[in-house]
Every structure is written in C-alpha cells, then in structure tokens.
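The values are calculated or read from the model by the stated rules, or taken from the named source; none is laboratory data. Keep in mind the model is a prediction, meaning the values are calculated, not measured. FYI the Cβ positions are ideal-geometry reconstructions off the backbone, even for glycines, and counts take in every protein chain you see.
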Amino acid sequence: MIAVVFAVCQWMQAAAPAPLPTFQHVVIISVDGLRPECVMPELEEAYPGLARLARGPHTLQGRCDPETSITLPNHCSLVTGRLASGAAGHGWIKNSDPPSRLQGGTLDANHGGYVSSVFDVAHDHGARTALVAGKLKLVLFEQSYGADAAEPDSVAPDNGRNKLDVFVCDTEPASQLDSVMATLRRAASCNQQSLTFWHIPSPDFQGHATGWDLSNGSLYRKAVQKVDMALQQLFHELDHDSRLKGRVSIVLTADHGGGAPHISHTDPLAPLNFTIPFMVWLGADSPSCDLYEMNADCRTKPLAAERFKADATPPIRNADCPNVALALMGLPPIAGSTANAKQELQIVAPTTASVSSTRQQSQSSDTKP
C-alpha cells in the first residue's frame, strides 16, 4: 500500500501542473492548538471527521509563523497571507484583545497602511463572507475589515466597503456550526459564492487548562473529539443538502500546536508548538498524498524538529491557506500577500483536477465568479 501511494505521488510530481477545480463555497477551518498527532491513521476511529479530511491532500508537517507560535499573529497570517515580521509582514505581534477601532485596533493602523485580506478578495468578487470566531480577540478582523476601516470595493460592481457580511463570536463547536451552515445555505439560496472562516478554540482552551496530553482518554483528546463531532456533522450536512453537495471545499489547519511549556505554546523554537496539520477536502475522495510530494519544486519538506527561517525555501505554512482558499474559488491572490502569493501551491493531481473541474463547471456555470 505504501509503495502504491508513493508511486501515485511520484507520478503527480512528474506530471504537468493541473488547474484547480473551482467551488462555489470554501470553508477555512482553523482549529486552535490542534496537534497534528490527532490526525495519525491509528486515531481514525477516534476522529473520523479529521480522518476524512486526511483522505485528501494533506501534510502533518506544516509550520506556523517562523518567529511566533501564538494565536492572534498566526490568525493574521491565516487572513492576510503574510508572515508577521518584516516590511511586507502584517505586523501584528500582540496576542491580547485589541483596542477599539477608534483606538487603533485595526491591522492598517498598526501596520501604517492597508493590509488586504482574504475577505477583501472574496467580497470584492461578489462572494458572501463570514467569520465565526471562538475568541473575542479575533474581533480584530471585524474592526479591520468592516465598513469603517476597509478599503473601497476594487472590482465592479461595487458591493460596498464592508468586507465581512457576518461576524459571530461563539465558543462551542456545535453552535458555531449552525452559523457556518447558515452562511452556506444563504449563499446557496442566492446562487452566490461564499467564503467562511471558522475558528474552533476548544483544543487550545483545554491545552491551557490541563496540557496538550495526547494519552487515550485525556481531556485534551476529548476536546479534539468535540471538534471532530462538529466536523462529522458538517460532512453530514454537506452530503445531504442538494444545494451544497459537491460545491464545498474545506481547508483545515491550525494556528499552532502546544505543550511547550506544558500548559502553553509560547516557545517558538519547540516542535510541539510550531508543527501543525494542513489538509484540503475537495468534496470527493482523492489520493491521500503528502502535499510536499506534489510541491517539491516550491516547498521544502522539513525534518520533524526543523523550524525553518522566514528567508529559507519555505515549508507549507498556515499562511498559505488564504490564497489556497481563493484559488479554489477561482479568485486571484490577496494583494500584498507573500505566502503562496502566486497561488503556486499544487493541491490536486492532474487526473483528479480534470474530473473535478468538469463536475464543478457543470454545477457552477451560473454562479457569479
């Protein structure tokens, strides 16, 4: 079986790059503090939702920001496609609740210029946008991309300046899912594309309370199980709603891992903290190949304990996520982004792409791009 998978991956690497399928809806899921070990094959029975995601292109050797392994800076990367530091970075390094918009609590005020986001691109191209957040500190994005702070719509027709149609703060994965499904169904009823960012905080909350304990029956494992139950329900909804089946893609990653120190994740040099999963679900089963095998020309697969500096040939990072999501919607990359800025990260094998692309074109030929 290993030889077969390796052969498929080698063939995909040698084949010419294939166009991505396009989807009417994309859901970005950030599972706060998710350790990649929870996606190991031996845990498939415990976490069938995560296991279903891992049947598609994925890696368990993703990396967070090279200089920080804390929540808010990494979520800024997940929204803007930029690392935190440097002239081209998003510049947000604090992890506390931001001040109000009037007191400078926006990315542009902190950066000294507008920092475009995944919400800008989706909104300006006519998609419905939503942020379902599990921590109040993510209000930074509502403050940065609401009508009072965002730049004007850059793509005709003018859809207004508010880049976020929905902002919800809710800590429970089950009720968060209700908000996610409401956005998907409203967009589907209007024959509109949608981009939903879903932040699930449960593993991080439990990790800070009792540690990132991966032993069987641990409270951390139970917190991940709550996430998995929400994912299973999401898949059930997508499988049984004719307006959504085959039209939704999911990109799941994490802001950081955890466990160094025991009830935190503040050490940016600790592999437990900087190693994260990165998984893409394309609405149908596809070869379960490591993303590094498909992207050997533009990404370097790290050793298990390798951190990688910002100026090295990059590994796959959580910051790649927003431009992957936009590519899956058939939309251009984020202006000013530096991670996956040319949408070069290959997600599907040529044969998978041709079948999926044909299917999606037939389903979405009447949707707004």
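Before moving on, here are some points about what is shown:
For (1) modelled with pLDDT of 95 or more; (2) of a type in the set (Val, Ile, Thr); (3) within 14 Å of Cys321 (Cβ to Cβ); (4) assigned to a helix (DSSP H, G or I), each residue gets a yes or a no:
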residue: Gln13; (1), (2), (3), (4): no, no, no, yes
residue: Val27; (1), (2), (3), (4): yes, yes, yes, no
residue: Glu45; (1), (2), (3), (4): no, no, no, no
residue: Asn74; (1), (2), (3), (4): yes, no, yes, yes
residue: Arg82; (1), (2), (3), (4): yes, no, yes, no
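- Considering residues of region 215-246 that are among the charged types (D, E, K, R) and under 30 Å from Arg186 (Cα atoms) only, the residue surrounded by the most Cβ atoms within 10 Å (Cβ to Cβ): Asp228
- Cβ pairs under 7 Å, 6+ apart, first in region 140-163 and in a loop (DSSP other than H, G, I, E, B), second surrounded by fewer than 12 Cβ atoms within 10 Å (Cβ to Cβ): Gly160/Ala147; Arg161/Ala147; Arg161/Pro152; Asn162/Ala147
- Matching option when the condition is over 15 Å from the mean Cα position of the chain (by Cα), among the small types (Gly, Ala, Ser) and either more than 20 Å from Thr59 (Cβ to Cβ) or surrounded by fewer than 24 Cβ atoms within 10 Å (Cβ to Cβ) (or both), among Gly330, Gly258: Gly330
- The set of residues from region 158-214 being surrounded by 23 or more Cβ atoms within 10 Å (Cβ to Cβ), touching a helix residue (DSSP H, G or I) at 6+ places or on another chain (Cβ under 8 Å), among the polar types (S, T, N, Q) and within 17 Å of His125 (Cβ to Cβ) comprises Gln193, Ser194, Thr196.
- Matching residues in region 75-97 - criterion: being crowded, with 23+ Cβ neighbours inside 10 Å and β-branched (Val, Ile, Thr): Val79, Thr80
- Residues in region 30-53 that are surrounded by 21 or more Cβ atoms within 10 Å (Cβ to Cβ) and among the small types (Gly, Ala, Ser): Ser30, Gly33.
- Complete set of residues in region 127-165 that are in contact with a strand residue (DSSP E or B) (Cβ under 7 Å, 6 or more places away or on another chain) and within 19 Å of Met329 (Cα to Cα): Ala127, Arg128, Thr129, Ala130, Leu131, Lys163, Leu164, Asp165
- The residue that is farthest from Lys137 (Cα to Cα), among those in region 164-192 that are hydroxyl-bearing (Ser, Thr, Tyr) and in contact (Cβ under 8 Å) with a residue 40 or more places away in the chain, is Ser189.
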